[in-house]
Each structure stands twice: as C-alpha cells, then as structure tokens.
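Here is the structure we will look at, set down as structure tokens.
The numbers here are math on the coordinates, done by the rules we state, and not lab data. Nothing here was measured: the structure is a model prediction, and the numbers come from that model. Quick reminder, even Gly has a Cβ in these numbers, built from the backbone with ideal geometry, and neighbours come from all protein chains shown.
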Amino acid sequence: MPHRGLHQKNRMRTTEIYYILHEAIQTHREVAIQIEAVDGDGFYQEDIIGSIKKSDSLGVYIKNQNVHYDEIRNIEFYT
C-alpha cells in the first residue's frame, strides 16, 4: 500500500501554541506536534509525540529531538 502522507492540521496562533506548551510542561502531559514541513510530495511528516524533556529560548526537546518554536504548526495533548 503506498504511503499517502499526513493531512494538514490547522495552523495555530503563537499564543495557543505557548499555552499548550506551558500546560504540558507543568502537568507532564504528552503532546503531538505537527511541524511546518512537507516532503517532496507535499505531505506533512508524522507528528512528533512525547513528553517535553526540556525547553530553552529556541524550542523544546521531545525524545532527544529539538523542535524549534517557529517550526510548530499545530500542537495538542496526546492521549
């Protein structure tokens, strides 16, 4: 079966993104992040899922992966 790629989620406002990031850090909840990047066929890559291990002035770290704040298109709590 061919890979179809992932659908585009709604682009969130910066204030919405920071609110969820803050809540996730405070409550140790997992998040699912869609970054603003597409492959050669125009499909979004899989969400980055996990707990935020740390954050700095440039972004957050989830499972040893650095996600810059300006790359985040959509973020939601992962259940």
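Looking only at segment 25-36, decide whether some residue is crowded, with 16+ Cβ neighbours inside 10 Å, free of Cβ contacts under 8 Å to residues at least 40 places away in the same chain and among the hydroxyl-bearing types (Ser, Thr, Tyr). Among the residues of segment 25-36, not one is crowded, with 16+ Cβ neighbours inside 10 Å, free of Cβ contacts under 8 Å to residues at least 40 places away in the same chain and among the hydroxyl-bearing types (Ser, Thr, Tyr), which makes the answer no. Return a yes/no flag: does segment 58-69 have any residue that is in contact with a Leu (Cβ under 7 Å, 6 or more places away or on another chain) and free of Cβ contacts under 8 Å to residues at least 12 places away in the same chain. Within segment 58-69, one or more residues are in contact with a Leu (Cβ under 7 Å, 6 or more places away or on another chain) and free of Cβ contacts under 8 Å to residues at least 12 places away in the same chain.
Of everything in segment 26-46 that is in a loop (DSSP other than H, G, I, E, B) and within 13 Å of residue 79 (Cβ to Cβ), the residue that is farthest from the chain's Cα centre (by Cα) is 29.
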